[in-house]
Amino acid sequence: MRPWLYGACAAFLLGCGSVGDADERFSYGGPQPAPIDIGSAAALVDASRARVFVVDAPTGAPQVRIVPVGRNPVTQVARKSGNGLLVLTHGNPTTSGKPESPALWIVPALATETPRAIPLASRFTGVSQSDDGRWVILSFTDNKQQGDLLFNPNELAIIDLQAPQPTVVTRTIRSLGSVPRSIVFSPRMMLTDGPRTLAVIASDSYLTLLDLDNLTRPEITVPLTLEGDGRRLLAREVLFDAAGASLYVRVAGVTDIYGLALVPVPAAERTTPNDFRPALSLLAAG
């Protein structure tokens with residue numbers, strides 16, 4: 001984070017509640033959070049009061065505005081390729097008070113932009129973003145944070161934040177005995193039906209490829225072990241060759257590199273709507 005933002009946040013936190021006639025709106029009674037760099041400002045999440053302090057210092061003195069968000073914030077991350085903060089909230093079930101659904105909140109860094117909330121059907125805990133800031137995938141990354149008795153750990157919520165009215169597309173991916181561990185996004189890949197972005201979802205011993213530009217198409221599951229191999233291998237790093245329509249995967253516990261070529265499938269030969277199929281090979285890396 002830039003030094004001036006640290007100073008502005010420190011000045012704000014030191015001033016909270018330190019003066020008897022201080023504005024109660026800006027009091028902060030919880031543990032001091034780590035400021036999050038959101039581009040032109042910094043954000044501090046007050047989870048106990050369901051709000052975000054956005055701190056800026058364009059003229060030297062900290063300027064603070066309060067942005068209300070949903071109750072029970074569980075995850076907050078800076079937006080990629082854009083000023084702002086993403087806050088994942090669990091809301092409030094019907095056990096007490098007014099019911100509130102879970103939501104993904106988009107908190108802008110600029111006061112001229114309006115915060116917005118995208119309602120969710122499930123209480124997700126993880127937020128993954130594409131590098132260009134367009135795609136967000138919500139998942140269940142930590143079951144300990146999940147308050148629901150029943151939930152589907154292979155359920156994903158996919159959101160295109162560049163859409164005029166972002167909507168949530170819910171998908172449950174095929175399971176081979178594991179759940180999503182991490183999600184990475186490809187650059188624009190040159191494929192048979194045109195360029196698009198893929199989500200690569202790593203689970204124990206297999207990968208899932210999801211075509212984000214064609215979300216009605218089925219996912220493609222790629223096992224990392226042969227049938228009968230009991231090892232649980234997890235992908236640690238994925239690199240992409242966008243022009244060559246390939247990706248390379250480093251897997252924990254294996255010295256070789258997994259190569260996945262996305263082979264074109266002509267329209268007349270397709271048994272599924274997908275226009276490519278992965279061809280797996282092992283590259284000796286020593």
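So that you can scan it fast, the table gives a plain yes or no per residue for (1) over 13 Å from Gly177 (Cα atoms); (2) without any contact (Cβ under 8 Å) to a residue 12 or more places away in the chain:
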| position | (1), (2) |
| --- | --- |
| Pro187 | yes, no |
| Tyr206 | no, no |
| Leu209 | yes, no |
| Pro218 | yes, no |
| Thr221 | no, no |
| Leu226 | yes, yes |
| Glu237 | yes, no |
- Message: Condition (residue is surrounded by fewer than 19 Cβ atoms within 10 Å (Cβ to Cβ), free of Cβ contacts under 8 Å to residues at least 24 places away in the same chain and charged (D, E, K, R)) applied to region 114-121: is it met by at least one residue?
- Response: yes
- Task: For Leu176, work out the one condition from (1) under 30 Å from Thr125 (Cβ atoms); (2) of a type in the set (A, V, I, L, M, F, W, C); (3) at pLDDT 95 or above it doesn't fulfil.
- Result: (3)
- Restricting region 69-109 to residues that are exposed (fewer than 13 other Cβ atoms within 10 Å of the Cβ) and not small (Gly, Ala, Ser), which is farthest from Arg134 (Cα to Cα)? Thr95
- Note on the structure: From the option list Ala261, Ala252, Ala235, single residue qualifying as among the small types (Gly, Ala, Ser) and open to solvent by less than 20 Å² (accessible area, probe 1.4 Å) is Ala235
- Filter region 250-286 down to residues that are assigned to a strand (DSSP E or B) and either over 18 Å from Arg217 (Cβ atoms) or free of Cβ contacts under 8 Å to residues at least 12 places away in the same chain (or both), then give me how many there are. 11
- Query: Condition test on Ala242, is it open to solvent by less than 40 Å² (accessible area, probe 1.4 Å), among the small types (Gly, Ala, Ser) and either touching a Ser or Thr at 6+ places or on another chain (Cβ under 9 Å) or modelled with pLDDT of 95 or more (or both)?
  - Reply: yes
- Among (1) open to solvent by 10 Å² or more (accessible area, probe 1.4 Å); (2) part of a loop (DSSP other than H, G, I, E, B); (3) touching a strand residue (DSSP E or B) at 6+ places or on another chain (Cβ under 9 Å), which single condition is Phe124 missing? (1)
- If we take region 156-202, then strands (runs of 3 or more DSSP E) inside it with 2 or more residues that are polar (S, T, N, Q) and open to solvent by 20 Å² or more (accessible area, probe 1.4 Å) are 168-172
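So, in region 205-232, of the ones that are part of a loop (DSSP other than H, G, I, E, B) and under 20 Å from Ser130 (Cβ atoms), which residue ends up most open to solvent (accessible area, probe 1.4 Å)?
So the residue we want is Thr216.
The values are calculated or read from the model by the stated rules, or taken from the named source; none is laboratory data. Computed from a predicted model, the values in this text were never measured in an experiment. Cβ: placed from backbone, ideal geometry, glycine included. Neighbour counts: every protein chain shown. We work out accessible area using only protein heavy atoms, side chains counted, and drop any ligands, DNA or RNA first. Shrake-Rupley method; radii C 1.70, N 1.55, O 1.52, S 1.80 Å.
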